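Take a look at the structure below.
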Amino acid sequence: MTQVFTEDGSAVPVTVVELLPMTVTQIKTAENEGYSSIQVGFISAKAKHLTKAQQQHLQKNEVPLMRKLKEFRVPAAEIANYKIGETIPMAGDGSFLAEGIMVHVTGKSIGKGFQGNTKRWNHHRGLMSHGSKSHRLPGSIGAGTTPGRVFKGLQMAGRMGNEQVTVQPESHPGHSGKERGADQRRGSWRGRRHSDHPAQDRTLESAARSRQDQVRSTIMADEKIILKKYAQDGKEAGQIEVAPEVFGIEPNIHVLHQAVRRELANGRAGTANTKTRSEVRGGGKKPWKQKGTGRARAGSIRSPLWVGGGVTFGPKPRDYSFELPKKVRLLAIRSSLSAAQSKFRVMEDFSFLSSPKTREMAQLLKAMGFQDDQKVLILADYKAAENQHVFMAARNLPGVKLRLPHNLSVKDLLDADAVLASAGAIQEINERYAAYV
């Protein structure tokens, strides 16, 4: 590391890095590989330094031989902006590394070798006086006889460093020297000198999230959002405008995670029950005397060590449910509706269902273009007169769920491949959740 001085005289620690141009060597699309990304190469290499597989891979795409290959996720909407063989500048004009921009930088940390608890986990040491000999010892790692094992995740001695680490250093706003292919980043980077560190613009972070290729991550509050309406034969039959503050916000990933955890936890029965050694019938008599038999000492045939004995640390009936603040729950609903906006198909109502027949609902879903293996969520007030046959017609179809508009599930909205809603349900959702913004 070094330091630079700002205009006010402050010294800022920075890391000086060399910016190497990257060449696009492969483009992956969601249609072929299931996700969209680009593979880039840098540092030219001779054929004798690459394996035959690496040579054939690069020669197939007609790109120069590269020593280093890295892959970066790219949103599906932006994948068309890249071409194989194109050079992405990292210095000078056209570089995405503008001053002040935040990036993700990944590298391998410096290996520290085998280290103990104090250095590896920052554990406190023992007493240094009064006859103590446990200065830097790890201490107990668990009970001996029962359960007789070390629990996973225990902080113990082991190898330290030499692992992949991602940091977010900010470009120093002063002179960066990009015209010479160099850059200054505030703070330290992980890894040894002269090691390679791929950098990725933080605006591409959302592309790595599941199902986010279909999500419009940011929509201005004053932008109109239109959903298409369909007739029972699957043809378009108009449009319906929805509230941007309900269907057009940036999904809050952390809140969505909390809401899904809450739904899963609240759905657990919590009735699992095991018996301890005191609850198992029998075992009140000592099997044999303590000494003189040549056998291991035993006090009860219901010890956890015996077959038919009690269970140590087994599950007991408990309540797994927890609550979230009301504003958090409402934000989770609006985030899930915004994330699932592209999945929505709207119908005026389901009054055309003449009877509660599963066959009629299956024909409707087929006309809408839904596949048999897709998960479909139907939003409708099936207690209303115009939707009276929806519940009975849809309940036996595999992969189809039915929800009332005032009882939405974040998990169901995110898990569904398609959402079929009535116009009345959309109107109720707009009125109910837009009022809390």
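Rule-based calculations on the coordinates, nothing more; no lab input. In this text, all values refer to a predicted model and were calculated from it rather than measured experimentally. Virtual Cβ from ideal backbone geometry, glycine too; neighbours counted across all protein chains shown.
Relative to the compact globular guide of 2.2 N^0.38 Å, what is the alpha carbon radius of gyration of the range 274-314, as a ratio?
It is 1.21.
From the cross-link list LYS60/LYS108; LYS235/LYS375; LYS46/LYS68, which pairs have alpha carbons spaced over 23 Å apart?
LYS60/LYS108
Please list the radius of gyration and Dmax for the range 281-436, considering alpha-carbon atoms only, with Å as the unit.
That works out to 27.3, 86 Å for Rg and Dmax.
Tell me the label-point distance for the pair ILE253, SER134, using the 7 Å Cα-to-Cβ offset, in nm and rounded to one decimal.
4.2 nm
In what sequence do ILE253, ILE429, ILE79 fall when counting other Cβ within 10 Å, fewest first?
Ranked by crowding around the Cβ, least crowded first: ILE253, ILE79, ILE429.
I'd like the Karplus ³J(HN,Hα) series for the range 21-28: coefficients 6.51, -1.76, 1.60, θ = phi - 60°, whole numbers in Hz, and an x wherever there's a Gly or Pro.
Once rounded to whole Hz, the list reads x, 10, 10, 6, 9, 7, 10, 10.
Going by C-beta contacts inside 10 Å, put LEU404, LEU19 in order with the fewest on the left.
Result, fewest neighbours first: LEU404, LEU19.
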